[in-house]
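This report concerns only the one structure given below.
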Amino acid sequence: MTPDAQQTRKKSAKPLVITLVAVFGSIILISLGVVGGMFAVRYFDTSASTALTSGTDGNATVTAQEGSIAAVAEKVGPSVVSILTETQVQSYYGTRTGEGAGTGIIISENGYVVTNNHVIEGATNVSVVDATGELYENVTVVGRDPLNDVAFLKIKSDTKFKAASLGNSATLRTGQQVVAIGNALGQYSNTVTSGIVSGTGRPITADAGNGQTESLTDLIQTDASINPGNSGGPLVNMAGQVIGINTAIVEDANGIGFAIPINSTKGVLAGVLDTGKVSRAYFGVNYLTVTPDVAREYDLSVNKGAYVHTSANTAPVVSGSPADKAGIKEGDIITKINNDEIGPSGSLSSVIGQYRPGDTVTVTYLRDGKEQTTKLTFTEYKS
């Protein structure tokens, strides 16, 4: 059990099983070839306009929705790159070179790129193709955050890149329009699809295609069309802001894809841009995300928050961790980190993901039905 990760309850329904890196499998992290791919990105429309006719294009009627999607694609497209990977694959006939394709998002003018960890996992060589078709072969892997399935690359070039604008995934509403952009099937770069936010806070278990699985929580569910090759691409709102990183699809279902909320990566991202290294804030608890079902099962007084709870041989609070030093105990229900409510603003893990090691926050929690607060300083997570 990884610290600060939601536990899986024995009585709960099993999460969907997702294949991370293949074009086959029940649910796939949309990737292509041996290594991963990226999810398409979609944008949600924050306006209330649903006018049927807002302009004309020749003899064709152009709707407000179509115009806004096109504008978002034009704004974000230059910040979306295709990622090409090579791996050494062992087979009956010996070692051969395998190829993979995915997507990434430029996050700085000097060439930092965020993508899925499963896109580059096992790669011996990584190159990037930008939206203009320019190939960059001098690309380094800066670091990875496997807990969130994200990784960071650096394009070594004097080119001044266009960085994507990041939004606030905590403000997402079910039904909001979104757009997905990605390297569909590893052949069609900057493919644009649109849909809505179908739900938030979704847990999944992803099959990496190599016998290993990976659990992710608090994902955004979308019905934007996602295909192999789209992993690592942006999920964007109608303001042209990245609110998620596309990660997985249910292969045998129609219109079910998943994206990592961008807020859960902001702390690591800020550290990469500042220091060039990946470091993750560490809290030090095992917990259950409180839902009405969890509240009934454990006789809790609230229907949201993070219930500090033990499972199997794991300690509810890791000895010597920031949570331990702050006085958090088993049975506490964490309700806020600073002003972010656990539940409405995301799971505890996602909210923690906004911070960096060394940041000090106010933790609000319930103990025996009484609200209390404590100060907590994050340390760096060590795998």
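The values are calculated or read from the model by the stated rules, or taken from the named source; none is laboratory data. Keep in mind it's a predicted model, so treat the numbers as computed, not measured. All Cβ positions, even for glycine, are placed from backbone atoms using ideal geometry, and neighbour counts span all protein chains on display. Only protein heavy atoms, including side chains, enter the accessible area calculation; ligands, DNA and RNA are left aside. Shrake-Rupley method; radii C 1.70, N 1.55, O 1.52, S 1.80 Å.
Side notes on the structure shown:
- Region 250-383: relative contact order as a whole-number percent, Cα under 8 Å and 6+ apart: 28
- Derived scalar couplings ³J(HN,Hα) [region 118-126; Karplus, 6.51 cos²θ - 1.76 cosθ + 1.60; whole Hz; x for Gly, Pro]: 5, 5, 10, 4, x, 6, 9, 8, 10
- With R₀ set to 35 Å, the beta-carbon distance separating R173 from N313 gives a calculated FRET efficiency near 0.35.
- Protection proxy ranking of 295-301, 369-375 - average other beta-carbon atoms within 10 Å, highest first: 295-301, 369-375
- In terms of packing, defined here as the mean over residues of other Cβ atoms within 10 angstrom, the peptides 328-335, 68-75 line up highest first as 328-335, 68-75.
- A 1.4 Å probe run over the protein chains yields, for region 135-253, 38 Å² of accessible area per residue, whole-number rounding.
- Here the gap between L185 and V89, fully extended at 0.36 nm per residue and compared with their Cα-Cα distance, gives a gain of 32.5 nm.
- Placing a label point 7 Å from the Cα of E137 along the Cα-to-Cβ line, the residues of region 157-186 whose backbone N sits under 20 Å from it are 157-159.
- Among the listed pairs K162/K277; K75/K162; K325/K375; K329/K370; K304/K336; K75/K156, a Cα-Cα separation exceeding 18 Å is found for K162/K277; K75/K156.
- Dipole axis of region 171-285 (+1 Lys, Arg; -1 Asp, Glu on Cβ), positive-most option in I181, T247, A270: A270
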